[in-house]
Structures are given as C-alpha cells and as structure tokens.
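The structure under discussion appears below in the form of structure tokens.
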Amino acid sequence: MRWSRLLVPTLREDPAEAEIASHRLMLRAGLIRRVAAGIYEWLPLGRRAVAKVEAIVREEMNRKGGQEVGLPIVQPAELWRETGRWAEYGEEMWRLRDRHGREYCLGPTHEEIITDLVRATVNSYRQLPLLLYQIQNKYRDEIRPRFGVMRAREFVMKDAYSFDADVEGMERSYAAMDDAYRRIFSRCGLVFRAVAADPGAIGGSGTHEFMALADYGEALIVYCDACGYAANVEKATNRLAPASDEEPRPLEKRPTPGIRTIAELAEATGIPADRQIKILFYWAIRENEEPELVAALVRGDRELNEVKLKNATGALEVRMADREDVLRVAGVPTGSAGPVGLRGVRVLADEEVMALRNTVCGANEEDYHLFNVNPGRDFVPDQVTDLRTVGEGDACPQCGTPMASARGIEVGQIFKLWTKYSEALGCTFKDADGQERPMLMGCYGIGVTRTVAAVIEQHHDERGIIWPMSVAPYHAVVVPVNIRDDAQRDVAERVYRELLDAGVEAVLDDRDERPGVKFNDADLIGFPLRVTVGPRGLAEGRVEITERATGATESVPIDEAARTVAQKVQAALDELNRRDGSLGKRQA
Ligand SMILES: [Zn+2]
C-alpha cells in the first residue's frame with residue numbers, strides 16, 4: 001500500500017474525549033472514528049487489525065472442531081420470551097419493531113437463536129458433540145459507553161456454543177475452549193489471567209473470564225500466587241478468620257449524639273470499623289413482584305458486594321433505598337439503623353458479621369447506638385451468606401495466603417450453561433437407548449474489537465502504538481528520507497516491491513513530507529518494522545531496518561533488505577505462536 005493512497009487521518013493532538021491510552025491512540029493513529037456515543041467506524045488500518053484478531057480466533061476455533069455459522073443480528077422477541085429473558089434482560093437490550101408491530105432485538109448475544117437452530121436440526125446423540133461459532137456485530141445499549149471501542153454499544157464479538165450429550169462432554173468442550181482462549185490471547189501478544197466469575201444474565205454455573213491486565217482496567221481481579229486461586233471482585237471470597245472467643249457482655253444502649261457513620265463511631269468509641277456492623281438498605285427488584293426492602297449487614301470495614309446481594313435475594317436487580325423509603329417501610333432513620341429489633345424487613349448478614357463479639361450498631365433510634373451486640377444472641381438474621389467485597393491482603397479461600405489484586409480488561413468469557421437453555425427451548429436429542437434428553441450446553445465469547453483495544457493498552461509508549469506482529473495492520477513501512485531524491489525513491493520502490501513479493505504486508509511512505517513527520521507517523525501507527533532509505537546508507541548500498549518495540553537498528557545491503565524483513569516477520573509470528581501469556585496456574 002502506498003501511503004499517499006491510504007485513508008489514515010492521523011491527529012497531532014490528543015483528542016479531548018479520550019481518557020485512556022488505547023482510545024487516544026486509536027483516534028490519533030486514524031484507526032477509528034466516532035459516529036455516535038459508543039458507535040464507531042473502523043477505518044482501513046483499524047479494520048486490518050480487527051481482521052487479524054478475527055483470523056487468529058477463526059484458526060483456533062477451527063482447530064477445536066468449531067464450525068462457523070452466520071446468525072441474524074435481528075432476533076424475534078418470541079424466542080427470548082421462551083427463556084424469559086425478554087423481560088429479564090433489561091435496558092441494555094436494543095429493541096425494535098417492524099412495520100407490523102412485531103418485536104425484535106438487535107442481538108446482544110445468541111443463546112436463544114443458536115438453541116433454536118440446533119433443536120430444529122439435531123436430534124440424535126450421533127450428531128453430538130457440536131461446536132458452532134460466529135464472528136459478528138453485537139449490540140448492547142450501554143448506559144455509559146466510554147473508553148472508545150472498549151465499552152461500545154456496537155462491537156464485534158466471537159460467540160461460540162457447544163452442545164453435548166452428557167456432563168463429561170460439556171466439561172471436555174469447556175476445557176477445549178479454555179485451551180483455545182489461552183492460545184488466542186497469547187498469540188495476540190496479551191498478558192492475561194483467567195479468573196472465576198459470576199455468571200450474570202447468561203445464567204448457568206461455572207464460568208471464567210479472561211482478563212488482559214491493564215492499569216486502567218474496569219475490572220478488579222483478586223488472586224493468590226500460592227495456590228492459583230483467581231476471581232473477579234464480584235465473585236471473589238476469602239477464608240473466614242476464626243470467631244473471636246471473647247465473652248459476650250450484656251447488651252447496652254448508650255447515647256451517641258450526632259454520630260451517623262462508621263468512622264465517626266470508631267473515632268468516638270475507639271471500636272475500629274472491622275468490629276462494627278454496617279447496615280445497608282436495598283430494594284430487591286424481581287420480575288412481576290413488588291420490590292422488597294431488604295437490610296444487608298457487612299462488617300464495618302467492608303464494602304457490600306451488590307452482585308452477591310442480587311444473587312442472595314434472587315433479584316434481577318438491587319437498588320440502594322433512600323432515607324425516606326427506609327423510614328417509611330422500616331420506621332428507622334438510616335444513620336441510626338441496626339439489626340436488633342428491626343421489623344418488617346428481611347435481614348441478610350454476611351458470614352463475617354456473625355463472627356463478631358460485643359460489637360456495636362445503630363439502635364433504630366436517633367442518637368443512640370447499641371453496644372456489646374452479639375449476633376445470634378441479640379438478633380438472628382433471616383439469611384447468613386457471603387455479601388462482602390474482598391481485596392488485596394484478604395486470606396485466600398483455598399490456602400489462607402494473603403491475596404493480591406490487579407486491574408484487567410475482560411476480553412473473553414467462557415460459561416457452562418448446563419441445560420438452562422436446552423430445557424427452556426426443548427433442545428433435546430435421543431440417546432443410544434432412544435431416551436429423549438436435553439443437551440448440555442456451553443457458551444464462549446470473545447470481544448474481538450475490545451481485544452484490539454486491550455492489545456494497544458498493553459503495547460504502547462509515549463510515541464504511539466507498538467503492535468505485536470500478529471495483530472499489526474501492516475508488518476513494515478518503507479520510508480525514503482527524501483522522496484524527491486531519485487536514488488532514494490528508486491531503492492524504496494524496489495525494496496517495497498520485494499517485500500510484497502516475499503509476502504510481507506508493507507506500506508511505502510511515498511509522501512513528500514519531512515523525515516521527522518514520517519518517522520513520527522510510523523511510530524504513532526506502530527509498524528513493527530521500518531525500513532529507512534537515506535543518503536548515508538545508500539552511499540554504501542545499504543538501508544536500515546528498525547524495530548519499533550526496541551528501537552534496535554541494523555544496516556543491511558539493499559539486496560538483503562526484503563529477505564531480512566521477511567525473516568524478522570516470520571520469527572516474530574513464530575514466537576507469538578509459541579508463547580503463553582497467561583499468568584497464574586490453571587484452575588479446575
Ligand atoms: Zn491460595
């Protein structure tokens with residue numbers, strides 16, 4: 001490709017709307033262009049990078065016996081009603097009507113569609129296992145699209161679905177996808193960690209997320225280097241400390257004028273936050289039911305984990321209740337609320353709360369607190385469960401070692417769906433005895449466009465992108481220092497043609513620009529290799545090959561330039577093929 005013909009609107013200045021490196025660099029290097037909130041155009045260079053990731057995904061899916069299909073983006077509501085998800089999915093689903101008033105959505109995911117396909121076409125155990133996948137635009141009407149293509153409303157996703165005859169088969173399919181994902185992200189040059197996760201709206205149980213590590217990452221990961229435990233913060237838990245053996249003292253009510261918060265109470269009484277009870281009121285919102293006000297108790301130093309609360313209450317959504325609601329339903333002021341004697345509200349307590357002795361909490365009376373509160377003696381919660389958010393320093397649930405934490409970008413997720421969808425949609429097969437049984441399913445997603453952004457997050461410097469060879473839009477750029485110089489132009493043209501003949505994806509910078517501009521653009525776009533044709537080298541019949549990642553420069557005879565570049569490209573691809581970018585041990 002000649003640069004003069006390339007559509008690459010690079011920007012000199014940092015775009016104001018970009019908060020993170022990948023977003024900023026994708027705009028500056030002319031890879032994407034924003035059309036509306038969370039909706040982007042992929043320009044030629046960006047599209048080539050996306051296609052590289054797609055090709056890697058395809059190869060690894062096919063290697064595991066996957067078959068590519070093309071499913072519709074527009075999906076009829078009836079299928080989603082069969083599984084109950086038309087109501088459950090919420091406002092992220094992009095809904096539309098046709099001219100006859102029939103309802104549809106733009107596919108946020110394809111469990112219903114694929115299960116409908118398989119129930120119509122597969123009916124015998126002889127046709128199983130089956131692994132189908134597609135690479136396609138997905139739509140989610142994010143409440144707050146941001147970070148460019150990282151959290152967009154339209155994005156490219158690879159989604160795969162496995163169908164098996166039994167649990168062992170499903171486990172094999174899941175393990176095969178785990179393996180494929182490790183190869184895909186390793187080949188893309190990512191450093192990542194597979195972590196246990198909450199299944200969320202997809203349902204089923206048993207799921208891992210693949211997190212590309214990045215400082216800015218939206219997701220928080222908690223992990224243990226000693227045993228390999230790793231989970232995202234929504235799912236992570238910790239080993240409970242042994243319960244205190246303190247003697248319970250008699251319950252006392254004391255005046256605490258003006259004290260409302262955990263910190264104020266700690267300050268006034270010397271009782272630290274981790275020995276207090278924090279009470280939070282939430283509305284548990286369920287389908288076709290009046291919202292229920294619930295009280296959640298966690299230790300004073302803990303954050304409540306809303307995902308865990310949602311799961312514990314069986315709610316579609318939990319929403320923090322405001323002071324007026326709490327006063328109206330429970331008759332207590334929020335700042336002085338406590339579990340002792342609380343009426344008319346279901347109380348859920350975190351396990352750590354139950355281990356506290358002689359603790360302190362609100363007395364359900366303005367300006368009073370209860371002291372020497374002993375959970376189990378002074379109040380009995382309706383439900384004791386895990387509601388806490390754990391983090392760095394907490395004891396690993398498997399081995400007790402203090403855990404570490406890191407930020408990550410979720411680039412993929414794999415789920416065991418069991419029979420959730422096959423039962424709801426009647427996707428059955430006849431086993432060897434002629435018995436009708438539901439198929440065991442799994443589903444497996446990769447955010448393809450997000451993966452491109454994650455690669456840039458991990459591979460850039462102050463000058464621009466540093467593409468891994470496998471994902472680079474082009475392998476190399478040929479830069480004549482002065483295009484008006486006939487000798488330089490002729491050699492650059494010749495090296496460029498030889499590169500194309502050698503199978504190297506190359507750009508010839510044929511613009512009449514100052515060398516500084518060309519070098520800056522080459523660095524910004526991040527070509528892994530640059531061939532510089534300049535007057536000093538030419539005098540000796542040589543050109544320079546520079547690696548973007550290291551800055552290492554080597555001078556080679558003109559005759560050998562194309563072959564040397566082709567070898568470097570192949571060596572880099574081979575290395576990416578061999579590498580394992582995963583951190584931590586594999587979990588069961
Ligand atoms: Zn551990």
Can you say whether ALA214 is over 30 Å from ARG95 (Cα atoms), out of contact with any Ser or Thr (no Cβ under 9 Å at 6 or more places or on another chain) and among the aliphatic types (A, V, I, L, M), as far as the supplied structure shows? no
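Matching residues to (1) farther than 30 Å from ALA197 by Cα; (2) among the small types (Gly, Ala, Ser); (3) not assigned by TED's automatic domain parsing to the domain that holds ASP301:
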site	(1), (2), (3)
ALA231	no, yes, yes
ALA241	no, yes, yes
GLU246	yes, no, yes
THR256	yes, no, no
ALA268	yes, yes, no
ILE271	yes, no, no
ASN288	no, no, no
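What helices (runs of 4 or more DSSP H) completely inside the stretch 13-108 contain at least 2 residues that are under 26 Å from ALA212 (Cα atoms)?
Result: 21-28, 44-63.
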Matching entry among GLY584, GLY534 (being touching a helix residue (DSSP H, G or I) at 6+ places or on another chain (Cβ under 8 Å) and outside the structural domain of TYR181 (by TED's automatic domain parsing)): GLY534
Kindly state which strands (runs of 3 or more DSSP E) lie completely within the stretch 205-299 and contain at least 2 residues that are under 19 Å from the mean Cα position of the chain (by Cα) and away from the ligand (no atom under 16 Å from the Cβ). 207-213, 219-223
Looking at ALA424, ALA406, ALA472, which is the one that is surrounded by fewer than 24 Cβ atoms within 10 Å (Cβ to Cβ) and either within 16 Å of the ligand (Cβ to nearest atom) or part of a loop (DSSP other than H, G, I, E, B) (or both)? ALA406
Pick from ARG153, ARG126, ARG187: which is charged (D, E, K, R), out of contact with any strand residue (DSSP E or B) (no Cβ under 7 Å at 6 or more places or on another chain), within 27 Å of MET26 (Cβ to Cβ) and away from the ligand (no atom under 16 Å from the Cβ)? ARG187
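For the stretch 427-451, how many residues are among the hydrophobic types (A, V, I, L, M, F, W, C) and in a strand (DSSP E or B)?
Of the residues in the stretch 427-451, 5 are among the hydrophobic types (A, V, I, L, M, F, W, C) and in a strand (DSSP E or B).
In the stretch 377-403, which residues are surrounded by fewer than 16 Cβ atoms within 10 Å (Cβ to Cβ), more than 16 Å from the ligand (Cβ to nearest atom), part of a loop (DSSP other than H, G, I, E, B) and touching a residue at least 12 places away in the same chain (Cβ under 8 Å)? So that I can check it myself, show each step before the final result.
Kept after step one, since they are surrounded by fewer than 16 Cβ atoms within 10 Å (Cβ to Cβ), are these residues of the stretch 377-403: 377, 380, 382-383, 392-393, 398-402.
With the extra rule that they be more than 16 Å from the ligand (Cβ to nearest atom), the set shrinks to 377, 380, 382-383.
Next, from what is left, pick out any that are part of a loop (DSSP other than H, G, I, E, B): 377, 380, 382.
Result: ARG377, ASP382.
The values are calculated or read from the model by the stated rules, or taken from the named source; none is laboratory data. Keep in mind it's a predicted model, so treat the numbers as computed, not measured. Glycine also receives a Cβ, built like all others from the backbone with ideal geometry; neighbour counts cover every protein chain displayed.
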